[in-house]
Structures are given as structure tokens and as C-alpha cells.
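See structure below.
The values are calculated or read from the model by the stated rules, or taken from the named source; none is laboratory data. None of the values given here were measured: they were computed from a predicted structure. No Cβ is skipped: glycine too gets one built from the backbone with ideal geometry, and neighbour counts run over all protein chains shown.
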Amino acid sequence: MMLVIGAAVVLTYIVPSGTYQRTSDGLVVPGTFHVIPKDYIAGLRGQKSTAILAAPASPLALLAAIPIGMERQAALIFMILFVGGMFGVLQETGALESGISRLVAASRGNVVAVVSVVMVLLAAGSSFLGLISEYLVLIPIAVLLAERLGFDALFGVAMVTIAAKIGYLTSVTNPLALVVAQPIVGVPVFSGAGFRAATFAIFLPIGIWFLLRNARRSSAVASETASVPRLSFRHLALLLILAGAVVLMVVGVQQLGWRTQELSAMYLGIAIVLAVVAGLGSREASQAFLRGMQGMVLAGLLVGLASAVEVILRDAMVLDSIVAFLARTVEGKSPLVVAVLMMIVQMIIDVFIPSTSGKAAVTMPILGPIGHLAGVSGQVTVQAFLFGNGLMNTLTPTSGMLLAYLAAGRVSYGRWLRFVLPLALMLFALCIATLAIAVLIGI
């Protein structure tokens, strides 16, 4: 991450600075991009950009941007820490281990059945409801489940991450992506859901097959259920509380408009309830909560580091320049080529702007008219946006949530990249074919 941040600092000296005009809603106004003169000496002195004169990032920004990025992501970082604290308390009770042992025993170690059901549910939550950061709470459970099935932590992290990312890639009714992207290009919100549902039905089985085919068991799993004791009443009550917390989380996000602050408070409250029901003493529960938070410190730090990259590029006013340059590469091509290029443009921009809604607000007002002039429908433009966003978010080191997933499961980024890259290439080829079909049938 420090190398990525350093590369961002170098980019601010290479890429010309410029900006688009924006509406009161923060949407880019097409055709308004203009270059802003850059004062390199001011950048070296650590001075800030102004509306009429840009300054590249100071070499000190390599460090200074990190606390700024962490401050901007403070709410998410605290939520990550509280997720860890809650699971620290839950692990102290022993209920989670007992529940997963019973699940594995009841399925007789049938990996295909367990993994398929889990991934379908998680992918549906992402594709239909837009859940993604909320799944961080499930990483410790998935890792423990993977271990009980005889696999390592990578398998557990991949089970959640692949399902969640394919859900975002297809986004049948994902409100975080569609509510912003579709109105900008002039199509009704949630229209075209049938075509996206077809992509969901095709892409997800490929993801499940890939995980099951490439994962290697590290140990055998006994099929006998008699050796696993039945859940105690207290453990069952604790697991029901956890299940109720998941339902409350979904309802809170979808119906009550909860954001990270409210979710943090919920995780803290659930930790207290778990401790009381389990009969833990105050000192025992507090120490368990702190141990859980310590396990998530790296995840929180990585979120701040990823945010620092966008801070550097935005402050030096080069983000809009990158978007403008990439948009010009799409112009003047055939509809099929334009559709594929728009997806690739979205993949590149995702490295600099990982936020789905933020990327839609910046890119869709520009790419929408370009696609229209090339004979590409608004639905296809949205589809290219969804594909580019979902594909790159599975790989990019600037995705704070991906890094948080990996850190929570204690899986290195390099190991994850080596594992998932073949799947990403398969999905990339499939996305190109899907866009070609979309252009030909005129969705």
C-alpha cells in the first residue's frame, strides 16, 4: 500500500491537472473539463491546490495523506473495530464453534452443498440489496466454517468475497449502483432487471465452481454426527441473537437508512447482549472485546491507506484529468467496441475511485452521451459500468473493503491475487461476450 500511495504521488507530477464543473448534486457536467495550470514548486513546498492553480502532492504526502484518509474513513474504521469486538465476545462464549461444528456434522461434510447455499445467499444480498461492507461481519464465521470443512482461511474469505463481488457485478436491483447510474443515462431505475438476473444466474455458478475446483482440503472431515454434542440452550440462544442481528442489520440498512455509525452502535449493543446472555463477567467480556478489536486493527488501517490514494489524486486535481483522458479514448468507435471500451474505462477508473456511487456520479454523465452518439443504449452503458466496477473491485489494492476482508481473514493480498486472477480473467471474457449480446439484441 505504501508503494501504491507513492505511485499516486508520482502521478500528480506526470498527469496534467484539470477539473469538470459539477452540479449542486455533485454530478459532472459533460463538456466542461478544462486544464488548470500546475505549480510544481508549490507542490514541493507542500502548498495546496486552488481553483485557478493546481499543486502536485508534496513528497511528505506519502505519509501525510494516511491520517487524512483514515479521518475520512473514520466511521467505517470504527465499525470494523466494533465488528471485531463483537466477534471477540462471541468467540469467548464458544457458541460459534459449537454451531459450526453442528452444521458441518449435519451436512456430513458435504462441501458442495454448504458452500453453494452460503454463496447463493450472500450473492443475492449483494445483487438485490447492495450489501457489501455489511459482510465484513461474516468473514470470521466463514473462516471458521472453512476450517471445520477442512480448508484454510483463504477458502473462507473467498467464499464471501467471490459471492459478494459477483453480486455487485450483476447488480439485479442493487440500489447503491442503479439509483445513481440509471437516471443519469435516462433509463428508469431498476429497469433491465431481467437481463441482469440472467447474468446473475450464469456468473454465480462459475464462481462457485471455481472456488470448489481450486481449493485444496488441508484435512479430512469426519462424517459421523454422533461425536458432535448437541447445542446447549445457552449456545442456541446466542446463535439466535447473532441471526437476529443479521436480520436487524439488513432491515436497518434497507428500511431505516442506517449508515456505518448506526451499525457500529448495533455491533456494540449486540456484544453487550451476548456477554449478558453468556454470563460473562465484565472484565472477561471487556478483555474479549478488546482482543477482537485488536484482530481488526490491520483491516481498519488498510481502509485508511486505500483512502489515502484518492485523497492525494483529488487534492492535486488529477482525478478529473484521468477521467477526461479515458473518456476521449472511447469516442468515434463502433457500438460494440464502445461498449467494451466503456467497461475497460470503468475498470481503470475503479483503481482511483473505488466507491460505486462516487464513480457513477463522475463517469456516467460523461460516458452516457458518448455511448448515445455511438448507438449504445443507456442500459448497455449501465451494464458496462456494473461490469467494470465489479471486476476491478475484486482485484484492486485501493479497494478498502477488499483489503478489510483479507485482513479480517488474515490472507495476504498477493496470495489472494494469485488465487482469484484466473476467475477474474474468465469473468472478463464473459463480460465482453455479454456486452456484445446486449448491443446486438438492443437492451
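Key figures
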| read-out | value |
| --- | --- |
| In segment 23-43, residue surrounded by the fewest Cβ atoms within 10 Å (Cβ to Cβ) [restricted to those that are within 26 Å of the chain's Cα centre (by Cα) and over 16 Å from LEU326 (Cβ atoms)] | ASP25 |
| Test result for GLY6, under 19 Å from VAL309 (Cβ atoms) and part of a helix (DSSP H, G or I) | yes |
| Residues satisfying the stated conditions in segment 272-331, i.e. outside any helix (DSSP H, G or I) and either among the β-branched types (Val, Ile, Thr) or touching a Gly at 6+ places or on another chain (Cβ under 9 Å) (or both) | MET296, ALA316, MET317, VAL318, THR329, VAL330 |
| Wholly enclosed helices (runs of 4 or more DSSP H) of segment 332-405 bearing at least 1 residues without any contact (Cβ under 8 Å) to a residue 40 or more places away in the chain | 335-352, 356-373 |
| Lone qualifier among LEU326, LEU302 - being in contact with a helix residue (DSSP H, G or I) (Cβ under 7 Å, 6 or more places away or on another chain), hydrophobic (A, V, I, L, M, F, W, C) and under 27 Å from VAL35 (Cα atoms) | LEU326 |
| ALA324 buried (at least 16 other Cβ atoms within 10 Å of the Cβ), closer than 26 Å to ARG22 by Cβ and small (Gly, Ala, Ser) | yes |
| So SER107, is it under 30 Å from PRO205 (Cβ atoms), crowded, with 16+ Cβ neighbours inside 10 Å and without any contact (Cβ under 8 Å) to a residue 12 or more places away in the chain | yes |
| Test: residue in segment 153-163 that is over 24 Å from VAL411 (Cα atoms), in a helix (DSSP H, G or I), touching a helix residue (DSSP H, G or I) at 6+ places or on another chain (Cβ under 8 Å) and modelled with pLDDT under 95 | no |
| Which listed residue is modelled with pLDDT of 90 or more, small (Gly, Ala, Ser) and crowded, with 22+ Cβ neighbours inside 10 Å, from ALA61, ALA142, ALA124 | ALA142 |
| Near pairs, Cβ below 6 angstrom, 6+ apart or cross-chain, from segment 234-262 (touching a residue at least 12 places away in the same chain (Cβ under 8 Å) and within 19 Å of LEU121 (Cβ to Cβ)) to any residue that is basic (Lys, Arg) and surrounded by 12 or more Cβ atoms within 10 Å (Cβ to Cβ) | none |
| Scope segment 164-189; condition exposed (fewer than 15 other Cβ atoms within 10 Å of the Cβ) and either among the small types (Gly, Ala, Ser) or in contact with a helix residue (DSSP H, G or I) (Cβ under 6 Å, 6 or more places away or on another chain) (or both); matching residues | GLY186, VAL189 |
| Condition check for ARG196: of a type in the set (D, E, K, R), crowded, with 19+ Cβ neighbours inside 10 Å, in a helix (DSSP H, G or I) and within 26 Å of the chain's Cα centre (by Cα) | yes |
| Residue within segment 239-256 that is within 27 Å of LEU403 (Cβ to Cβ), in contact with a helix residue (DSSP H, G or I) (Cβ under 9 Å, 6 or more places away or on another chain) and of a type in the set (Gly, Ala, Ser) present | yes |
| Residue match in segment 419-429 (condition: surrounded by fewer than 21 Cβ atoms within 10 Å (Cβ to Cβ), over 24 Å from GLY84 (Cβ atoms) and without any contact (Cβ under 8 Å) to a residue 24 or more places away in the chain) | yes |
| Test set (1) in a helix (DSSP H, G or I); (2) modelled with pLDDT under 90 - SER116 fails condition number | (2) |
| Scan of segment 252-271 for residues that are part of a helix (DSSP H, G or I), within 22 Å of the chain's Cα centre (by Cα) and within 14 Å of PHE78 (Cβ to Cβ), ordered by number | THR260, GLN261, GLU262, LEU263, SER264, ALA265, MET266, TYR267 |
| Test result for TYR413, aromatic (Phe, Trp, Tyr), at pLDDT below 95 and under 14 Å from the mean Cα position of the chain (by Cα) | no |
